[in-house]
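Structure first, commentary second.
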Amino acid sequence: MLGLLLMAGTVGWVAAATTGPVCVVTIHEDISQNTLYLLRRAMREADTAGAVALVLNLETNGGRVDATEEIIRLLEKSPRKTYTLVNGKAYSAGAFIAAATDAIYMTPGSVIGAATPVMMIPGQGVQELPKSYEEKISSAMRALIRSTAQAKGHNPDVFEAMVDKDRGLTIGETVIAEKGKLLTLTNVEAAKEYGEPPKALLSAGTVGSVEELLKVLGLSEAARLVIEPYGLELVGRWLTAISPLLMLIGFVAIYIEMKTPGIGIPALVALICFGLYFVGYFIAGLAGWEEVVVFAIGVILLAVEVFVLPGFGVTGVLGLALILAALVMAMVQRMPGGPVWPTWPQLQLPLLKVLGGFLGSGVVMAILARYLPETRLFRKLELGATTSAAAGYTSSRGEAAGLVGATGVAETLLRPAGKGRFGEKLVDVVTEGDLIEPGMPIKITEVSGSRVVVTRRK
């Protein structure tokens, strides 16, 4: 009866599993931040597609410790079953990553192991670490790999023997790895059984391909979601690295656009900067369309405040808050199966970057507010939006020379450039940085060539 119940449970699990796709991630490269970005993207797409399992098609010589630690954390938190297929070799960081999956399979002739930390120097290749530093790194990696292997049901002694050459590995009376040598296993050695009851040393079995592995897992009928590097991970790394600069330029461009009439070059620059910002974090597997939508809503609310409801009230504050929230959330790493709302440790670095970019842009804005109205470029921008004489507007050049001290009203929103009406004359004017709403009384305080400066009349 117990056997029938177990069989029924297994069939039920397979039937449930085949209701969703299997996510297959191809990692045939040295482990780096690019690999981390690839796996984040895979996790996000697996969540969206409702994948029931994730398979790593792994072939690597190893790679960076920091990226490996992040990848291990992602795999440990996966809400779905994870499998590794060692397709040729999984040295060093590759062995660590395999340990973070629920089961390890290997192709014929494949090997896994030799996980001692080394140092890569550009132009010089692999170099030995200083003894003291090697001890420190090895100790940290042993602790990490031991806890990871235990959590996933693997023999932690096997992985420790891959890291520490002085440890060796003995099971019962059988010496598998002598002290003084790092453990490296072939597919046959990894699948060999030891102990009572017999248990495979590391590998759950040898299969010839991903297709054969899925058949063994009972998932051959499931749809397949294949995730491969598409060459943009490196671009994503650069874009995320310069994200504070992109924010700064974007905010400053918005400021310039608000201070000059019409939608022109500053608006385009802002669009490009914030577009690249979200593209970078999308490639990194952090941002999604949700953050883009929130950002767009924030921009719309801010535009309503500036162009429709001047005065910077509730609409403007809410718009700015949504913009900043979207920028922060785009770079927050949320673990699979974790809480919906990010924790404070997850928010700290993103908040620091966003606030740094925002405050930096505020400093640049203050400088521009002081000196931009004096520049020739600004004068060209403010004159570029002049309406034609046929529409009833008159250029300020020459005719405004005798209007210093004249009073009138703002015909359009002055932000700071716009139109002022002085009797029957419509004149191109600019404030000293203040925003003056239509219909407010103004006074001409200075005329310099075509530049007519006004202030709010009290």
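The values are calculated or read from the model by the stated rules, or taken from the named source; none is laboratory data. Please read these numbers as outputs of a predicted model, since none were measured by experiment. Cβ atoms come from the backbone with ideal geometry, glycine included; neighbour counts cover every protein chain shown.
Of all residue pairs spaced 6 or more apart or on separate chains, those with beta-carbon atoms under 8 Å, a first member in segment 402-424 that is farther than 20 Å from Tyr255 by Cβ and assigned to a strand (DSSP E or B) and a second member that is small (Gly, Ala, Ser) and at pLDDT below 85 are Gly408/Gly423; Ala410/Gly418.
Looking only at residues in segment 135-160 that are surrounded by 18 or more Cβ atoms within 10 Å (Cβ to Cβ) and of a type in the set (Ser, Thr, Tyr), the one that is farthest from the chain's Cα centre (by Cα) is Ser138. The set of residues in segment 31-62 being in contact with a Gly (Cβ under 8 Å, 6 or more places away or on another chain) and either among the acidic types (Asp, Glu) or at positive phi (or both) consists of Gly50, Glu59, Gly62.
For segment 411-431, the set of residues classified as at negative phi and surrounded by fewer than 14 Cβ atoms within 10 Å (Cβ to Cβ) consists of Glu424 only.
Go through the residues of segment 164-172 one by one and say whether even a single one is in contact with a strand residue (DSSP E or B) (Cβ under 8 Å, 6 or more places away or on another chain), more than 29 Å from Arg40 (Cα to Cα) and in a helix (DSSP H, G or I). So far as segment 164-172 goes, no, none of its residues is in contact with a strand residue (DSSP E or B) (Cβ under 8 Å, 6 or more places away or on another chain), more than 29 Å from Arg40 (Cα to Cα) and in a helix (DSSP H, G or I). The sole residue among Ser138, Ser147, Ser92 that is touching a helix residue (DSSP H, G or I) at 6+ places or on another chain (Cβ under 9 Å), modelled with pLDDT under 90 and under 30 Å from Val216 (Cβ atoms) is Ser92.
Residue count for segment 189-219 satisfying the condition of being in a loop (DSSP other than H, G, I, E, B) and either free of Cβ contacts under 8 Å to residues at least 60 places away in the same chain or out of contact with any helix residue (DSSP H, G or I) (no Cβ under 9 Å at 6 or more places or on another chain) (or both): 8.
In the condition set (1) touching a residue at least 24 places away in the same chain (Cβ under 8 Å); (2) in contact with an Asp or Glu (Cβ under 6 Å, 6 or more places away or on another chain), Gly168 is compliant with all but (1). Considering only residues in segment 447-458 that are modelled with pLDDT under 85 and farther than 14 Å from Phe422 by Cβ, the one that is surrounded by the most Cβ atoms within 10 Å (Cβ to Cβ) turns out to be Arg451. Taking segment 161-210 as the search range and keeping residues that are surrounded by 13 or more Cβ atoms within 10 Å (Cβ to Cβ) and among the hydroxyl-bearing types (Ser, Thr, Tyr), which one is modelled with the lowest pLDDT? Filtering first and then ranking leaves Thr170.
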